[in-house]
Every structure is written in structure tokens, then in C-alpha cells.
Amino acid sequence: MKWFTNIFKKENPSKEVINPMESEILQTPQNNINEVSKKFLIVGLGNIGAEYVNTRHNIGFKVVDHLAKQESVSFETVKLGALAECKIKGRTLLLLKPNTYMNLSGKAVQYWMEKEKIAKENVLVITDDLNLPFGTIRIKPKGSDGGHNGLKSIQQTLNTSDYPRFRFGISDEFKKGKQVDYVLGEWDEEEKTKLPERLDMATEAVKSFALAGLGNTMSEFNGK
């Protein structure tokens, strides 16, 4: 070990001997920065159970399912949800479907952010939006929960509303007092016909988020 000490003495003008092991540890985070920044958590919000599979409220699940199918990856049951991993042009996308039900989605999001060391800037939460026409995309860097229980849970758990979200329009074609039935109802025949094309557009936007960044993705896809 004497030669190790001599090397560090020569490179350290203060003559303070640096422990080689400490130096290696200090360098490790820097070496991992690029890998961490290339990892993204894509969260599709929805409710578990066969009765919810084709409902408007489960469009978040539907989008990540569509992306997983495109990339030929499968979901596995994991803690607080189902997870699939795909790699696209050097980026790693973790596709998460929380199994906590909508109003506890924040628990799953927080757990996987911490486990995979993913910054909130690299998280994209996909949800339904009554205020947008069917199939319309709106991606934002932050915002209110808009009365959405899934977003409300995430905001409360993370203690911030400063995280990217992807709103998929489901329109508001329901009679007064029928909002819950509408949101938890299945797509009508016209929507079912148009849905595959809108899902293709949605997955392209998700890929763009990871590859081109939030700003470029907003410019390219918002309003489409």
C-alpha cells in the first residue's frame, strides 16, 4: 500500500494523505450521474380489477400497456404495483401500474422513485382529464390535482405538485349528476374505434418525454 500513499502525496500539494478508498467513494456518484438521468418512471394511473379494465378512468393503465406491447415487454407483479422495463435509444423506462387503487397512488410512486433513485423531473404521471376533448393530449411540468384523486394522492405523498403529468382527454359528455358513472364507464363505440390511434399518439409522446425532453414534447404533442 506504500506506493498508493506516495501517489496521493505527490498529487496533493497540502501534503494531506488522502485515503484511496475515500477517493473512490467520492467519485462513485459522479460516475453514476449519467445512468441515473437516463432512467424514467412512467406511471399510468388506474384501478385494479377486471371491472375497470376498459373504463375511461383507467386510460393511464391503457397507455402504459400499449407501450409495453409495442416494446415487447411484460409486466411483473412487484411491491405496490405491476412493473415493466423497456430500453429505448439508451434510455430506461420503468412502466408502473400502481395496485393501490387510485386514491393511494402516491405510495407506489414514492416507493419506486426512491428505490430506483429517480428524480421527480424524470417522472411522468398519465391520467384521464374530463376537461379535454376525447384523445387530446396535454403535458405539463406541474399543476394542481384538478380534483383527480390519483394526482391528489401523489401531491400529498410527495409534498409537491412539481412533477410532470400527462393528461389524456376523456371529454365531459355526461348528464348532470352522472360524472362518476361516466368516468367509471366504458368507452362508447365511436371512442373504441378511435382509441388505437390515440394510444399510438400517446406512446409517441411518452417516448419523446424520455428522448427529447419535457419542453420539446409539450411543443410537439400538446393539443393533438
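The values are calculated or read from the model by the stated rules, or taken from the named source; none is laboratory data. From a predicted model like this one, the values you see are computed outputs, not experimental measurements. Note: ideal-geometry Cβ built from the backbone for every residue, glycine included; neighbour counts use all protein chains shown. Note: areas computed on protein heavy atoms with side chains; ligands, DNA, RNA excluded. Shrake-Rupley method; radii C 1.70, N 1.55, O 1.52, S 1.80 Å.
Somewhere in the stretch 45-52, is a residue outside any helix (DSSP H, G or I), farther than 20 Å from Trp112 by Cα, modelled with pLDDT of 95 or more and not acidic (Asp, Glu)? For the stretch 45-52, residues outside any helix (DSSP H, G or I), farther than 20 Å from Trp112 by Cα, modelled with pLDDT of 95 or more and not acidic (Asp, Glu): absent.
Within the stretch 97-105, not a single residue is buried (at least 21 other Cβ atoms within 10 Å of the Cβ) and within 19 Å of Leu214 (Cα to Cα).
May I ask you to verify whether Phe174 is at pLDDT 95 or above and open to solvent by less than 90 Å² (accessible area, probe 1.4 Å)? In short, no.
Scanning the stretch 113-143 for residues that are under 17 Å from the mean Cα position of the chain (by Cα) and free of Cβ contacts under 8 Å to residues at least 40 places away in the same chain, we see that the one that is surrounded by the fewest Cβ atoms within 10 Å (Cβ to Cβ) is Glu114. Is it true that Thr160 is in a helix (DSSP H, G or I) and polar (S, T, N, Q)? Answer is no for this residue. The condition (being under 21 Å from Ala68 (Cα atoms) and open to solvent by 10 Å² or more (accessible area, probe 1.4 Å)) is satisfied by just one residue among Asp181, Asp200: Asp200.
Of note, Val206 satisfies the criterion of being among the hydrophobic types (A, V, I, L, M, F, W, C) and crowded, with 16+ Cβ neighbours inside 10 Å. The residue pairs whose first member lies in the stretch 196-224 and is in contact (Cβ under 8 Å) with a residue 40 or more places away in the chain and under 19 Å from Ile88 (Cβ atoms), whose second member is of a type in the set (Lys, Arg) and in a helix (DSSP H, G or I), and whose beta carbons are closer than 8 Å, counting only pairs six or more residues apart or on different chains, are Leu199/Lys62. Filtering the stretch 166-180 to residues that are without any contact (Cβ under 8 Å) to a residue 40 or more places away in the chain and within 27 Å of the chain's Cα centre (by Cα) leaves only Val180. Looking at Val78, Val109, just one residue is farther than 22 Å from Asp200 by Cα, in contact (Cβ under 8 Å) with a residue 60 or more places away in the chain and in contact with a strand residue (DSSP E or B) (Cβ under 9 Å, 6 or more places away or on another chain), and that residue is Val109. Is it fair to say Ser153 is in a loop (DSSP other than H, G, I, E, B), in contact with a Leu (Cβ under 8 Å, 6 or more places away or on another chain) and either open to solvent by 80 Å² or more (accessible area, probe 1.4 Å) or not hydrophobic (A, V, I, L, M, F, W, C) (or both)? Here the answer is no, as Ser153 does not meet what is asked.
Of all residue pairs spaced 6 or more apart or on separate chains, none has beta-carbon atoms under 6 Å together with a first member in the stretch 89-100 that is under 15 Å from Thr127 (Cα atoms) and a second member that is hydroxyl-bearing (Ser, Thr, Tyr) and part of a strand (DSSP E or B).
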